Amino acid sequence: METTTEPEPASVWLSIPDGYAALPLENISDTIAATGQLVAELGTPQQRQASDDVLGSLNAFLETLAERRAVYCGIGRHLSAINGQLITSSLVVTLLEFPGQRNPRLVLKDLLQGKVDAGEGGQPDLVDLPNGPALFFERTLMLPTPAVPQQHVLTEGTESPVWQLEAFVPSPDGDKLATIEVSTPFAEHGPQYRTMTVTMAAGVRFRPPVGRDPLSALLG
């Protein structure tokens, strides 16, 4: 009797830097609801008043990331190398699959052309890493300034700079694409994340690394 097996889901292996706390991309609503309950029971009056708006926005954000094939989302807190200031950032890793096989350089070429066609401004850099070619795209975006609950600050209609660096790493067969996106509202400190992002991109693998527990590093 002939039997068939389902293909294994696409996965990616890479190391998440210290200082990042993972946010849920599965069972999102249940996790957010449990967090809201904790805030209601243990939070300060200000935290309880703000929790509905903040957690509601976070729930929508995470649901959108999950729909876009995000396999990791984390919030980081680090000390700036410039002045020791505490700065925050977000780290998102996504994994896409494509039908068939292609030269990975052509995958990156088409991706960059798509950014040009969409009018996205930024600094592109196509480099060869130990694990293959990668495309880096750095830019500073002007995005709507988020409202801060319980603070009487007029933010409606205003924009703030957000520094962003994307790293695109295709698989050797060109049938998968891992994207690493680092963003921080502390735009002047953004370039400090370059080395971290390049190191992450150079460590991307689409098969389990030899000698490592795949479950500890598996995303996907």
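The values are calculated or read from the model by the stated rules, or taken from the named source; none is laboratory data. Model, not experiment: these values are computed from the prediction. Virtual Cβ from ideal backbone geometry, glycine too; neighbours counted across all protein chains shown. Quick note on the areas: whole protein, heavy atoms, side chains included, nothing else; ligands and nucleic acids left out. Shrake-Rupley method; radii C 1.70, N 1.55, O 1.52, S 1.80 Å.
Taking amide H as placed 1.01 Å from N in the peptide plane, the amide H of SER80 sits under 5 Å from that of GLN85, LEU86, ILE87, each at least 5 places away or on another chain. Computed from backbone phi with θ = phi - 60° and the Karplus coefficients 6.51, -1.76 and 1.60, the 3J(HN,Hα) list for the range 80-89 is 5, 6, 7, 9, x, 5, 6, 10, 10, 8 Hz; x is used for glycine and proline.
Using the Cβ atoms and a cut-off under 9 Å, what net charge is assigned to the surroundings of PRO124, where Lys and Arg are +1 and Asp and Glu are -1? Neighbourhood net charge equals -1. Rounded to the nearest whole Hz, the Karplus-based 3J(HN,Hα) values (6.51 cos²θ - 1.76 cosθ + 1.60, θ = phi - 60°) of the range 25-35 follow the sequence 10, 10, 6, 4, 4, 5, 5, 5, 5, 5, 5, with x at glycine and proline.
Taking 0.36 nm per residue of sequence separation and removing the Cα-Cα distance, the GLU26/ALA118 pair yields an extension gain of 30.0 nm.
The residues neighbouring ALA167, those whose beta-carbon lies less than 11 Å from its own, together hold a net charge of -3 under the Lys/Arg +1, Asp/Glu -1 convention.
Determine the sum of side-chain charges near THR197: Lys and Arg each +1, Asp and Glu each -1, restricted to other residues whose C-beta is under 12 angstrom from that of THR197. Charge balance near THR197 sits at -3. Backbone geometry of the range 98-112 corresponds, through the Karplus equation with coefficients 6.51, -1.76 and 1.60 at θ = phi - 60°, to 3J(HN,Hα) couplings of 10, x, x, 10, 8, 4, x, 5, 5, 4, 5, 4, 5, 5, 5 Hz, x marking Gly and Pro. Think of a 1.4 Å ball rolled over the protein heavy atoms: the range 83-130 then has 61 Å² of accessible area per residue. Annotation: amide H-H contacts under 5 Å for LEU23 (H modelled 1.01 Å from N, sequence separation of 5 or more, or interchain): CYS73, GLY74, ILE75. Note on SER160 and THR195: the extension gain reaches 10.2 nm, defined as 0.36 nm multiplied by sequence separation minus the Cα-Cα distance. When all protein chains stay in place and ligands, DNA and RNA are ignored, the 1.4 Å accessible-area order of GLU188, GLU138, largest first, is GLU188, GLU138. Of the GluC sites (Glu not before Pro) found in the range 43-125, those in coil by DSSP whose Cβ has at most 14 other Cβ atoms within 10 Å are GLU120.
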